[in-house]
Each structure stands twice: as C-alpha cells, then as structure tokens.
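First the structure, in the form of structure tokens, and then the observations on it.
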Amino acid sequence: MEDLFSTVDWSRGQFALTAIVHWLFVPLSIGLSLIVGIMESIWLKTGKERWKRMAKFWMLLFGINFACGVATGLILEFEFGTNWSNYSWFVGDIFGAPLAIEGIVAFFLESTFIAVMFFGWNRVSPRFHLAATWLTAIGVCLSAYWILVANAWMQYPVGMEFDPAQMRNVMVSFADVALSPVAVNKFFHTVLSGWVLGAVFVVGVSCWFLLKKSNVDFAKDSMKIASWVGLAGIVLTIWTGDGSAVQVARVQPMKLAAMEGLYDGCCGQGLVAFGIINPDKERTDDKPAILGEISIPKGLSVLANHDAGSFVPGINDIINGVAIGADGDTVNTVGYAERIARGKQAQQALREYDAARQAGDVAAMDAATEALKADFRYFGYGYLDSVDEAVPPVALTFYAFRVMVMGGGYLLLFFIVMLFLSYRKPKTLENKWVTFFGLLTIPVVWIVSEAGWVTAEMGRQPWTIEGLLPTRAAVSAISASSVQVTFWMFVVVFAGLMVAEVSIMTREIAKATRKDLMKD
Amino acid sequence: MNRNTFLGRAVSMYVDGFRGMTVGKRLWVIILVKLAILFLVFRLFFFPDLLQENYDNDADRADAVRRALTHGVGEKGIKTNN
C-alpha cells in the first residue's frame, strides 16, 4: 500500500473523507433552520396552532442533525496540525482569524439560541422565541461564511503579504480577505444549496408520511413551504453558480478547463452536455478529449464570459499563458514554464534570505526579500517538475461538475412539479410513484451537493493555496502508514455516527407516522 | 436560585429543559462520546500539532518550515523535524 499511496495521497484522502462527512450535516442544518423559521413565523402571524406543531417537528429533526454534526469539522483542524503542518504555518493568521470568528459565532450565537429554541417554548414570549429561531438560522449561516472565507482564500489568496522572517503570510487587509468576491459568491452559492437540500429533505420525509397515509395535511403543508424554499433556493443557486463560473474563468481558469475537459480553446466554445472522457488522451496529442460528445453550441463562452463569441482558453492555452482578463478579454499572461522558473527563483531568494539572516547581513536580507516579493505569486510553481503537474485530474472534475449541473437541473424540475401538484392536484401527491420520487430525491440532493465540493476542490489541484503551495509541499513529514491508521479509524467512527444519526432520525420519523402530529 | 430574576429564569430554562429531554438525552450521549473520542483519543494519541510539539518557540517553528519549504520536497512530503 505504501508504494501505491504516498503520505500526500492518504492525507488528501483523509481530509476529503472528513470534509465530505462534515458536509452531510451542514447543509441540512442551513436548510432546516430556514424552513423552521418560516413555519414559526407563519404561526406567529396567523395564530394557527398547526404551524407551531409543524415547526416543532422539523425543529426536532434539525436538532438531531445538529447534534450529530457537532464537532465533525473540528477533526479538519486536527488534520491541519498533524498532516499539513507546513501549510498550517504558512497560512499564518489568514486562516486563524476566520476560524476563530467562526468558533466564537458558532459557540455563542448558535448554542445560546438553540437552547431557547428547544427549551424556551413556554418560557419566553412567542416573539422572543421566533427571534431565537431566526438567530440560530443566521448563526448557522454566519458560521458557514467564515469557513468559506478561509476556503475562498485558498482558492484566491488576497489581502496578505508573505513575511520571510516569520515564514508565514500576514494579513494586511481584513476586508480584502473577508469580502473577497470569491468568498462572497461561494457563501451565497453554498448557503442557497443548503436551502435546496433542506427543502428536499422536508419534501422527502413528507412523502414518507403520504406513503404511510399518515398526517396527510401536515405533510402537504410542509411540502408547500419546502417546495417554495427549494424552488427559490435552486433558482438562486443556479444564478450564483453562473457568477461562480465567470469568477472561476478569471481566477482559476485551469479549473474551468478541467471541468470541461477542454485542452485547446476557441472562440464560441461549446459546453459539453454529454460525453465520456477519453482515457487515452494525452495533453499534447491530437486524440479527442471527449468521446460521444454532445455540446451546447457556444455554451461555455456564454457561461464563462456572458458572450457567445468569446474565447475560452483550454489547458494547453493556459499553460502557454493565455487567459481571460477581468473584462472578459483574452490576455497573455505568464506561461507555466516561466512560472515554474520564477517559482524556483522565489525559493532561491528565500534560501538567500535565510543565509543572510544567519550571517546577520541586513542588506542582503533586504535584497533577498525584494527578490522574493517579485516572484512570490509563483512561489508554489517552483515545486513542480513539469507543467503537466499543474493540471488537475480532468476526469473526476469533469464528471463531478456534470453530476452537480445535471442534478441541479433535475432539482429545479422536481420543485416545479411538486409545487404544481401541491396547488393544482394535491391528491396526486399521495400517488405512490410521486412519493417514491420524493424519497429517492433525498440521496440525490446529497450526491449533487457533495459533487459541487468535489468539483471545487479537485479542480484546484495540485494546490492547497492557489499558485503558492502545492499539496506535496504542504504535507508534514509523517509516514503514510500513520495516516492510513487514522484514515480507517475515521471510517469506523464516521460510519458509527451515520448509523446513530440515521437510526435516531428514522425512529423519530417512524414514531411520528404513528401519531397525529396536529394533536399529540 | 430565585426564579424571578433573569439569571434564575435562564438557569431554570436550561435545567428543566435538560430534565425534560427525550430524544435529546440520546443525542447528548452521542455528542459526549464523540467529543471523548475526538479529544481523548484522536487528539491525544493520533493528532499531535507537530510544530507545536517539536519546537519550543515560533522562531524555531519558522526555521523548520523554512528548511522544509526550501529543501527536499519529495513524493513523501517535506521533512519538518530536525
């Protein structure tokens, strides 16, 4: 095994496993907290008791999910210190500040108001309780924001300067980091996708009630609210996804090229609607990259630049230094061979800085610092032996992107149909095929949501920090076998957690089907 | 504690809330077992903060990372230990 998977691969695998498991819980908390808030608001406005009962039931499922998800994200921080110690040090306070804010927000806002949500029904006024419910929902989103700020910085590092004395990046503009356009877009895209996931969950569980012919009115009312949330969520997710594509075309063009399996770009570039990645394709040969390709004409140009005739660079173009400028125009930038050379120069300047520091030669330290500054943006390229190492895994990125986009299209249709049936043919909702599709969509939405993250994270390989630190430089000097041990321990613990959550959740849902939720 | 004060009411809300929990008790067991596994097993025995443990101060940690990032990057990563 040691020969097959290096420490880097096992550490990446472990991080991916942990992040994927963490992301099973987070979007459901985001989506359910919103739906509960809406139901409770309707109760306060209309005074109808059934909305309160509905809010209470979905709040119970929110609580189960929240409790099972607590601290799963902490494991990622453990992994930073052990598996990724060079990275942890190198990012400096850029990562520390958002994560610290997240910790404080999560602890104080969420834990305080969650207690009021669950324990305060008969203790505080209805208005105060509603405020607590919404503040919990906002707290969940704020927590997500700071984590996404940290993630966005890795994708698009801004607002910092590298200090060779401290050997870490120092934040020079908190606003640039916190309000990075990548972070803002990522936040909305991610949170809105959480609305969609929460909505599918509510529709799916409601379908279970209908299948069991239990709490029919309760289920149909829940489906109406959830379907509106889901429809709004998916439309806005698609809209922010479009914004994300424009951004990626500018700040991570290699990711976009990998998402499309595009090696040589052109003007009026089509978007692959269907195709299979050619496993024999090499970057520089003439073989087709995609087999059985069906494309939407000019689709990628529209997606990347909102201009059907615009040029979209492929992997080879990007390696040769062709990119899209801020205004969507085609520009020549530094080619990857030169980036590698300049990265090596930056690393040499760092060595010279170190030698000067040890010799106490301040002038030489200043000169080395200036040389390092000049090429620092290519620092990470110096670790690459060839330009091919800067290309992400095309097949995985390509397929993950398609799962996300096609799944998103399915979910849009799903909510439209559910809303149509809810208002025009409510009896049809009880049809077993409709309920079957509702239930089936629960795992589908999780797969789609995780596929979005796979696209974002695999598409930025080989970087932990775009252009500055590849994974092979970020990893600690630990043995692959030690990471393997903890990897499998995580598999066991996470599997146990999942069994616990699913069993408690299903038991509560099953219990609910045996009673009248509008009365009991 | 006087239940008429704000603090008293807040404390009693928590105390009565925990006492009256049904599903919540199982959830708390899960949370506590999870936290115990994370901090008493994983953190203590399997996930040391390498730089924190191996070096006494930030200057030494910076030196270690500088050495690591400027020398010997290979397939197995960078040597951070002396």
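Read-outs throughout are calculated quantities, based only on the coordinates presented, and are distinct from any laboratory measurement. None of these values were measured; they are calculated from a predicted model. Please note: Cβ atoms are built from the backbone with ideal geometry, for glycine as well, and neighbour counts cover all protein chains shown.
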Could you put A:Thr237, B:Thr5, A:Thr455, A:Thr513 in order, starting from the residue whose Cβ has the fewest other Cβ atoms within 10 Å?
-> B:Thr5, A:Thr513, A:Thr455, A:Thr237
In terms of modelled amide H atoms, which long-range or inter-chain residues lie less than 5 Å from the amide H of A:Thr330?
-> A:Gly325
The long-range amide H neighbours of A:Leu291, using H built 1.01 Å from N in the peptide plane and a cut-off of under 5 Å, are A:Ile276, A:Ile277, A:Asn278
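At a Förster radius of 41 Å, what calculated FRET efficiency corresponds to the Cβ-Cβ distance of A:Lys213 and A:Asp9, to the nearest 0.05? Walk me through the numbers before you get to the answer.
On the way: r = 50 Å, r/R0 = 1.23.
Given R0 = 41 Å and the Cβ-Cβ separation, E is 0.20.
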For segment A:207-213, Karplus couplings with θ = phi - 60° (6.51, -1.76, 1.60), whole Hz, Gly/Pro x | 4, 4, 4, 5, 4, 8, 6
Taking a label point 7 Å from the Cα of A:Ala337 along the Cα→Cβ vector, which residues of segment A:358-389 have an amide N closer than 20 Å to it?
-> A:378-389
Please turn the phi angles of segment A:38-46 into ³J(HN,Hα) values with the Karplus equation 6.51 cos²θ - 1.76 cosθ + 1.60 (θ = phi - 60°), one per residue in order, whole Hz, x for glycine and proline.
-> 5, 4, 5, 5, 5, 4, 5, 6, 8
If R0 = 56 Å, then A:Asp285 and A:Trp121, at their Cβ-Cβ distance, give a FRET efficiency to the nearest 0.05 of 0.25
Near A:Lys344, which lysines are there with a Cα under 27 Å away, not counting those fewer than 8 places off in the same chain?
-> A:Lys255, A:Lys373, B:Lys76, B:Lys79
Considering the options A:Thr7, A:Gly335, B:Phe45, tell which one lies farthest towards the positive end of the dipole of the protein assembly as shown, charges being +1 on Lys and Arg and -1 on Asp and Glu at the Cβ, about the Cα centre.
-> B:Phe45
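Can you tally the net charge around A:Ser244? Count Lys and Arg as +1, Asp and Glu as -1, for every other residue whose Cβ sits under 12 Å from the Cβ of A:Ser244.
Working: positive: A:Lys186, A:Arg250, A:Lys255; negative: A:Asp242.
Overall, the nearby charge balance is +2.
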Report, ordered by chain and residue number, the aspartates and glutamates lying within cross-link reach of B:Lys25, taken as a straight Cα distance under 18 Å and ignoring same-chain residues fewer than 8 apart.
-> A:Glu501, A:Glu508, B:Asp16
For segment B:46-62, just list the computed ³J(HN,Hα) in residue order, Karplus coefficients 6.51, -1.76 and 1.60, θ = phi - 60°, integers in Hz, with x standing in for Gly and Pro.
-> 10, 10, x, 7, 4, 5, 5, 6, 8, 10, 7, 9, 5, 5, 5, 5, 4
Pulled fully out, how much extra length does the chain show between A:Phe420 and A:Leu440, if you take 0.36 nm times their separation in residues and subtract their Cα-Cα distance?
-> 5.3 nm
Cα axis of helix A:336-359 to longest principal axis of chain A: angle in degrees, 0 to 90, nearest 10?
-> 70
Amide H neighbours of A:Arg168 under 5 Å, at least 5 residues apart or on other chains, H built in the peptide plane: list them.
-> A:Asp163
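When 1/r is averaged over all different Cα pairs and the result inverted, which Kirkwood radius in Å belongs to segment A:76-215?
Numbers: mean 1/r = 0.0567 Å⁻¹.
Roughly 17.6 Å, rounded to one decimal.
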Points 7 angstrom from Cα along the Cβ direction at A:Ser481 and A:Phe274: gap in nanometres?
-> 5.0
Rounded to whole angstrom, the alpha-carbon centroid of segment A:76-123 lies from that of segment A:1-61 at a distance of 16
Using only Cα positions of the protein assembly as shown, each an equal point scatterer, no hydration layer, compute I(q)/I(0) via Debye at q = 0.10, 0.12 Å⁻¹ and quote the log10 values to two decimals.
-> -0.95, -1.28
Roughly what angle does helix A:480-513 make with the longest principal axis of chain A, taking Cα atoms, 0 to 90 degrees, to the nearest 10?
-> 20
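How many Cβ atoms of partner chains, on average, are near each residue of A:30-42 if near means within 10 Å of its Cβ?
Details: counts 0, 0, 0, 0, 0, 0, 0, 0, 0, 0, 0, 0, 0.
Mean shielding by partner chains, rounded to a whole number: 0.
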State, to one decimal in nm², a quarter of the convex hull surface area for the C-alpha atoms of segment B:1-47, i.e. the direction-averaged projected area.
-> 4.5
Under 23 Å from the Cα of A:Lys224 - lysines, other chains or at least 8 residues apart | A:Lys45, A:Lys48, A:Lys52, A:Lys56, A:Lys212, A:Lys213, A:Lys425, A:Lys427, A:Lys432, A:Lys511, A:Lys515, A:Lys519
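Between beta-carbons, use under 13 Å as the cut-off and find the net charge around B:Arg43, counting Lys and Arg +1, Asp and Glu -1.
Numbers: positive: B:Lys34; negative: A:Glu77, A:Glu79, B:Asp49, B:Glu53.
After counting each charged neighbour, the total is -3.
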